[in-house]
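Coordinate-derived values only; no laboratory data. Since the model is a prediction, treat every value here as computed from it, not as a measurement. Cβ placement follows ideal geometry from the backbone for every residue including glycine, while neighbour counts extend to all protein chains displayed.
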Amino acid sequence: MSIKTESIAACSSCGKRTQITTYKSINISEDPSLKEKVKDGSLFLWKCPHCGQMNLAKYDILYHDPEKKLMVWLLQDENMSETQMHSISLHAKAIGNYTLRRVTDTGSLMEKVIIFDNALDDTVIEVCKYVLKMEMVSKASGEDAAKVILDAPFHFFRLNEDGQKSMTFIYPDEARMKSLDIGFNVYEDCEGILRRNPGIVPEEGFAKVDQEWLSRYFR
């Protein structure tokens, strides 16, 4: 079930405190509209009634999609006890073959929901990001430019199926967001890489599947 609560938040502009609605967990089978609010980030935005400033509400939340058998846990400070995490992991296994993921920021939660909503594999997407970054680094002008690319957080944005199938990734560059389209053949090639390397798998339970995880296998 979805669990929401009321919290007090301070505006980032005027500093005045306002009561806002936050969620401890959401079950999108009960309220499908919440999925779109997660995907576009609006679930975490609130407008200050005093000055009109839009603010980002940062809080932990468990996202549950029973139809896709997906749970994604946003833990900002990763302060959930191992006992509680293990208990929920066992519950997810008992009710079906669930995919369990753990993220630490709203952007990563949005990305995971978009990936699985497009019936894609997030482990393959992480390999795609690595391949994309290596291609960009090979064309970078100097070590500093290459480091900026390697350190930038890339996110899967959408699957394009109008005409030739492709994927769009976004990343920050000089305080702006840039987008880059790549052919879907890259995804298929990366699927092949993982098939040939069966040891590259997420850990049990609520696994973090990101570039840090992939760096254990790719250097």
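Would any residue of segment 1-24 have its amide N under 15 Å from a label point 7 Å out along Cα→Cβ of Asp31? List them or say none.
Answer for this model: 1-7, 20-24.
For the chain, which cysteines have no disulfide-compatible partner, meaning no other cysteine Cβ under 4.7 Å?
Among the cysteines of the chain, those whose Cβ sits 4.7 Å or more from every other are Cys128, Cys190.
At a threshold of 8 angstrom on Cα-Cα distance, excluding pairs fewer than six apart, so keeping six or more, what relative contact order does the chain reach in percent?
The value is 15 percent.
How long is the gain from Arg216 to Ile3 if the chain were fully straight, where each residue apart is worth 0.36 nm and the alpha carbon distance is subtracted? Show your work: numbers first, answer last.
Values: separation 213, 0.36 × 213 = 76.68 nm, distance 3.59 nm.
Once the chain is fully extended between Arg216 and Ile3, it gains 73.1 nm.
How much of the DSSP bridge set in the chain is antiparallel, in percent, rounded to the nearest 5?
Roughly 75 percent of the DSSP beta bridges within the chain come out antiparallel.
Calculated FRET efficiency, Gln76 and Lys139, Cβ-Cβ r, R0 30 Å, to nearest 0.05?
The computed FRET efficiency comes out at 0.25.
Using the Kirkwood radius over Cα pairs, work out the Stokes-Einstein diffusion coefficient for the chain at 20 °C and 1.002 mPa s, in µm²/s as a whole number.
Using the Kirkwood radius from Cα pairs, D works out to 112 µm²/s.
Enter the Cα centre distance for the pair segment 28-75 and segment 99-154, rounded to the nearest angstrom.
What the calculation gives is 21 Å, centre to centre.
Under a plain spin-label model, where a point goes 7 Å from the Cα along Cα-to-Cβ, how far apart in nm are Lys47 and Asn160?
Each label point is offset 7 Å from its Cα along the Cβ direction, giving 3.2 nm.
Residue separation times 0.36 nm, minus the C-alpha to C-alpha distance between Asn197 and Leu56: what's the value?
Value of the extension gain: 46.8 nm.
Pulled fully out, how much extra length does the chain show between Asp105 and Lys93, if you take 0.36 nm times their separation in residues and subtract their Cα-Cα distance?
1.8 nm
I need the peptides 22-28, 7-13, 41-47 ranked by packing, meaning the mean over residues of other C-beta atoms within 10 angstrom, with the highest value on top.
22-28, 41-47, 7-13
In percent, how large is the relative contact order of segment 92-219, given Cα pairs closer than 8 Å and 6 or more residues apart?
After rounding, I find 28 percent.
How high is the relative contact order of segment 125-195, in percent, with contacts defined as C-alpha pairs under 8 Å that are six or more residues apart?
RCO, segment 125-195: 23 percent.
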